[in-house]
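Peer 1: For reference, the structure I am asking about is given below.
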Amino acid sequence: MDQHPAPADPPERFEFGPEHGRLIADLGSKMHFVGLLTLVLGALALFSGVVNRPPDEGIDGGSIVAVLTALFLAAVGFWSMRSGREFLLVARTEGADIPHLMSALQNLRRLFGLQYHLAWFGLVLLVVALVFGFFIDQAH
């Protein structure tokens, strides 16, 4: 008697139908465009932070904000473009819909993970500012 289990059947290939393919391709195309535009805006923010820096002074707060904004926009743009490209591949290729879909979702998870953490950071800063503003105002 054979002790080895029978090999598992190869995983079924899943293909989206034409109607779903058009919907996914439209989403992917728009995401790719918005991601590219966001990358361009990030480059402009970086350029603005470097050009508008006073020449004789070191790095000021405005330059730091511009660089942080540029980094945020670059990450959002990059992950949006990658997700969009993967959605386009879902619609344009055969035999790999699920891997492309999972890759698109992975990039979206990164994008929204960044926004999630920044939202919490902003809320904490807001609460700190409100608390300190309240107590400082009460002291006068």
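Peer 1: Condition first: among the basic types (K, R) and at pLDDT 95 or above. Now tell me which residues in the stretch 11-35 satisfy that.
Peer 2: If the condition is that a residue be among the basic types (K, R) and at pLDDT 95 or above, then R22, K30 are the ones that fit.
Peer 1: Moving to a separate point now. With respect to A70, is the statement that it is in contact with a helix residue (DSSP H, G or I) (Cβ under 6 Å, 6 or more places away or on another chain), more than 30 Å from P18 (Cβ to Cβ), surrounded by 13 or more Cβ atoms within 10 Å (Cβ to Cβ) and not polar (S, T, N, Q) true?
Peer 2: Judged against the criteria, A70 is a match.
Peer 1: Do you know which residues across the stretch 36-68 are among the hydroxyl-bearing types (S, T, Y) and either modelled with pLDDT under 90 or outside any helix (DSSP H, G or I) (or both)?
Peer 2: Correct list: S48, S63.
Peer 1: If the Cβ limit is 6 Å and pairs must be 6+ apart or interchain, which residue in the stretch 74-102 that is over 23 Å from T38 (Cβ atoms) pairs with which residue that is part of a helix (DSSP H, G or I)?
Peer 2: Between residues of the stretch 74-102 that are over 23 Å from T38 (Cβ atoms) and residues that are part of a helix (DSSP H, G or I), the close pairs are D97/V90.
Peer 1: Also: Determine, yes or no, whether V131 is exposed (fewer than 11 other Cβ atoms within 10 Å of the Cβ), modelled with pLDDT under 90 and more than 30 Å from S29 (Cβ to Cβ).
Peer 2: Considered against the rule, which asks whether it is exposed (fewer than 11 other Cβ atoms within 10 Å of the Cβ), modelled with pLDDT under 90 and more than 30 Å from S29 (Cβ to Cβ), V131 comes out as yes.
Peer 1: Which residues, counting only those in the stretch 94-108, are of a type in the set (G, A, S) and in a helix (DSSP H, G or I)?
Peer 2: Within the stretch 94-108, S103, A104 qualify.
Peer 1: Sticking with this structure for a sec: Give the residue, chosen from R85, R22, that is loosely packed, with under 13 Cβ neighbours inside 10 Å, in a helix (DSSP H, G or I) and not small (G, A, S).
Peer 2: Only one candidate passes the filter, namely R22.
The values are calculated or read from the model by the stated rules, or taken from the named source; none is laboratory data. Quick caveat, the model's predicted, so the values are computed rather than measured. Glycine also receives a Cβ, built like all others from the backbone with ideal geometry; neighbour counts cover every protein chain displayed.
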